[in-house]
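The values are calculated or read from the model by the stated rules, or taken from the named source; none is laboratory data. Everything quoted here is computed from the prediction, not taken from an experiment. Note that we place each Cβ from the backbone using ideal geometry, even for glycine, and neighbour counts take in every protein chain shown.
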Amino acid sequence: MLLLAIPLGVLIGLSLGALGGGGSILTVPALVYALDQDPRTATTSSLLIVGVTSLIALLPHARARRVRFGQGLLFGALGTAGSFVGSALSSRVAPAVLLTAFSVLMLLVASLMIRRALRPALPGLELDPTVDPMLTLRPFACACPRVAKVVVTATAVGLLTGFFGVGGGFALVPALVLALGFPMPIAVGTSLLVIAVNSATALAARIGSGGTHLDWALIGTFTVAAVAGSLVGGRIASRANPRHLAMAFSVLLVAVALYTAARSIPALI
């Protein structure tokens, strides 16, 4: 069982390092269907594995200046309340309903990401991805609509993290790109910081509620493998075209959404 955790961990680490998300929604089914954990234990273990892996995967992105620490920490702080609320609500809704809604959300986000990735770039408007244009062009202006977007997006991602037991990267990366205008490489790097913060918050809420027995040997093996994969994924992110990354992330979302729907919809009938 521990040997099987190694290739699964590497695969999920590659996802986190290269795409800045998706790892946690792969971790939960891997723990449940491949490693025979019950859903409650799997979601809690997933938060620990993805949180640690994201924190380490953050390092190469930070060295390459692909992380906006101020906005990332703000997202994490604003998402704290959502994480606790989501954790409390998750036990009150039927799993099949949650997973079906989850698959619809992923398909919607994927369609928006594909549309943006296929949109042609306008010549002469390329910006330095390490500089926030809002701060450069209008340093004393009140960006109130953008602040509202940050608050709403961060709270929603925190809610999803606690609700589904995932790191939130599947929603966070598109949110940073679509709502806040982050370039894809910056969204990937910054999302890892937010995932680590959100995962720690949701994990604290779940452990605080008690009743979960964790297999530390399995978690340790899975995490070490995921960390190794994330470092390779970080190198891929530094060399790949941002449009290709966006398309790859969208394909990942569609695949997981279809699989989730196939598993959950029959339970509703």
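Being more than 19 Å from residue 53 (Cβ to Cβ), assigned to a helix (DSSP H, G or I) and modelled with pLDDT under 75 narrows it down to one residue among 174, 145; which is it?
Exactly one residue qualifies, and that residue is 145.
For segment 69-120, how many residues are more than 22 Å from residue 165 (Cβ to Cβ) and not aromatic (Phe, Trp, Tyr)?
Total meeting the criteria: 14.
What are the pairs with Cβ atoms under 8 angstrom where one residue, in segment 1-17, is more than 11 Å from residue 228 (Cβ to Cβ) and the other, located anywhere, is of a type in the set (A, V, I, L, M) and in a loop (DSSP other than H, G, I, E, B)? Sequence gap at least six, or different chains.
If the second residue must be of a type in the set (A, V, I, L, M) and in a loop (DSSP other than H, G, I, E, B), the pairs left are 1/35; 4/35; 5/35; 8/35.
Are there any pairs with C-beta distances below 6 angstrom linking a residue in segment 238-264 that is more than 21 Å from residue 67 (Cβ to Cβ) to a residue that is in a helix (DSSP H, G or I) and hydroxyl-bearing (Ser, Thr, Tyr), with the two at least 6 apart or on different chains, and if so which?
Taking only residues 6 or more apart or on different chains, the pairs are 257/103; 260/103; 261/103; 264/100.
Run down 32, 28, 52 and say which single residue is assigned to a helix (DSSP H, G or I), in contact with a helix residue (DSSP H, G or I) (Cβ under 6 Å, 6 or more places away or on another chain), without any contact (Cβ under 8 Å) to a residue 24 or more places away in the chain and not acidic (Asp, Glu).
Exactly one of 32, 28, 52 is assigned to a helix (DSSP H, G or I), in contact with a helix residue (DSSP H, G or I) (Cβ under 6 Å, 6 or more places away or on another chain), without any contact (Cβ under 8 Å) to a residue 24 or more places away in the chain and not acidic (Asp, Glu), namely 32.
With the requirement that a residue be closer than 13 Å to residue 102 by Cα and either in contact with a Pro (Cβ under 9 Å, 6 or more places away or on another chain) or β-branched (Val, Ile, Thr) (or both), what does segment 223-269 give you?
Answer for segment 223-269, where residues must be closer than 13 Å to residue 102 by Cα and either in contact with a Pro (Cβ under 9 Å, 6 or more places away or on another chain) or β-branched (Val, Ile, Thr) (or both): 253, 254, 256, 259, 260, 263, 264, 265.
Quick check: anything in segment 76-91 at pLDDT below 85, more than 18 Å from residue 155 (Cα to Cα) and either not in a helix (DSSP H, G or I) or not acidic (Asp, Glu) (or both)?
yes
Is it the case that residue 265 is surrounded by fewer than 16 Cβ atoms within 10 Å (Cβ to Cβ), farther than 30 Å from residue 181 by Cα and modelled with pLDDT under 80?
No, not satisfied.
So in segment 1-28, with the set limited to residues that are out of contact with any Gly (no Cβ under 8 Å at 6 or more places or on another chain), at pLDDT 80 or above and more than 18 Å from residue 171 (Cα to Cα), which one is surrounded by the fewest Cβ atoms within 10 Å (Cβ to Cβ)?
Only one residue tops the list, namely 3.
If I ask for residues that are modelled with pLDDT of 75 or more and either over 14 Å from residue 177 (Cβ atoms) or buried (at least 17 other Cβ atoms within 10 Å of the Cβ) (or both), which ones from segment 113-142 would you list?
Passing the criteria: only 114.
Tell me whether segment 227-242 contains one or more residues that are modelled with pLDDT of 85 or more and out of contact with any Gly (no Cβ under 8 Å at 6 or more places or on another chain).
So far as segment 227-242 goes, no, none of its residues is modelled with pLDDT of 85 or more and out of contact with any Gly (no Cβ under 8 Å at 6 or more places or on another chain).
May I ask you to verify whether residue 213 is free of Cβ contacts under 8 Å to residues at least 24 places away in the same chain and either farther than 19 Å from residue 32 by Cβ or not in a helix (DSSP H, G or I) (or both)?
No.
For the subset of segment 151-171 comprising residues that are aliphatic (A, V, I, L, M) and at pLDDT below 75, which member is surrounded by the fewest Cβ atoms within 10 Å (Cβ to Cβ)?
Among those residues, the one meeting the criterion is 171.
For segment 92-112: of the residues being surrounded by fewer than 16 Cβ atoms within 10 Å (Cβ to Cβ) and of a type in the set (Gly, Ala, Ser), which is modelled with the highest pLDDT?
Only one residue fits best here, namely 111.
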